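Take a look at the structure set out below.
The values are calculated or read from the model by the stated rules, or taken from the named source; none is laboratory data. None of these values were measured; they are calculated from a predicted model. Here Cβ is always computed from backbone atoms with ideal geometry, including for glycine, and neighbour counts include all displayed protein chains. Quick note on the areas: whole protein, heavy atoms, side chains included, nothing else; ligands and nucleic acids left out. Shrake-Rupley method; radii C 1.70, N 1.55, O 1.52, S 1.80 Å.
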Amino acid sequence: MIRIVLAEDQRLLLGALGSLLDLEEDMDVVGKARNGEEALALVKQHDPDICIMDIEMPLKSGLDAAEELKDHSCKVIILTTFARSGYFERARDAGVSGYLLKDSPSEDLANSIRVIMDGRRVYAPELVDMAYSDVNPLTDREEQVIKLMADGKNTKEIASQLYLTNGTVRNYISTILDKLEVSNRIEAITRFKEKGWFK
């Protein structure tokens, strides 16, 4: 019997997923969590074979929880609506066994669980394509600048924090806007976030 913990902050979806998997003869849902912290507690309590998690959940995201389970025997499957290359990259770095999208056919989930239990990995095909075509164009220094912009820092504050001149920071910001193909800081931060590139 494959023992499963589910983590999903939308109650209706959590219930539906649980019922769907319980219909499978070789699967048993042993715990249901509403956030990443509850998921970690249930994994410790039940020691399941698989933990299926959404990404965006309160208290602790699915990716944060997956990173904490990296060295655990429980295999992690990310089940999300977000086909973002940055999220996918982070999930792979965390060693997840699967990254599936919620709009996949329901039988795909049960089949993927069995494949993963056989020791293979399952990634939604569109994510694999995206991972190779959608690479973060910013350098490490540009990433530092956009992170400080996202924290609400102005040019002068960024310059002081990174030991740069105001002019150099303005040049970095201009390059960031060009690379992300946007016209202002807010759009740049939004685009960077939508791509899942904030680590």
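Estimated from the Cβ-Cβ distance and a Förster radius of 35 angstrom, the FRET efficiency linking MET1 and LYS147 is about 0.20.
Could you compute the longest span of the chain free of GluC sites (Glu not before Pro) located in DSSP loops and having at most 14 other Cβ atoms within 10 Å, not counting the site residues? Present the calculation step by step, with values, prior to reporting the outcome.
Working: sites that count: GLU25, GLU56, GLU181.
Answer from the scan: 57-180.
Note on LYS60: lysines with a C-alpha under 28 Å away, same-chain residues under 8 apart excluded, are LYS32, LYS44, LYS70, LYS75, LYS102, LYS147, LYS153, LYS193, LYS195, LYS199. Accessible area per residue for the chain is 53 Å², calculated with a 1.4 Å probe on protein heavy atoms, without ligands, DNA or RNA. Specify which residue in the list PRO137, GLN161, SER112 is farthest towards the positive end of the charge dipole of the stretch 95-199, using unit charges on the beta carbon of Lys, Arg (+1) and Asp, Glu (-1), about the Cα centre. Farthest towards the positive end: GLN161. Multiplying the residue separation of ALA16 and PHE198 by 0.36 nm and removing their Cα-Cα distance gives an extension gain of 62.4 nm. Note on ASP140 and ASP93: the model spin-label points, each 7 Å out from Cα along the C-beta direction, lie 1.3 nm apart. Taking trypsin sites (Lys or Arg not before Pro) across the stretch 57-92, the ones in a DSSP loop with at most 11 further Cβ atoms lying within 10 angstrom of their Cβ are LYS70. Helix-only mean residue ellipticity at 222 nm, the chain, DSSP H runs n ≥ 4 weighted -39,500 (n - 2.57), per residue, nearest 500. What is it? -15500 deg cm²/dmol, from helical runs alone. Which percentage, to the nearest 5, of the DSSP beta bridges contained in the chain is antiparallel? So the antiparallel bridges amount to about 0 percent of the total. The accessible surface of the stretch 109-199, taken with every protein chain in place and a 1.4 Å probe, is 48 percent carbon and sulfur. Measuring r between the beta carbons of ARG121 and GLU187 and using R0 = 25 Å, the FRET efficiency lands at 0.10.
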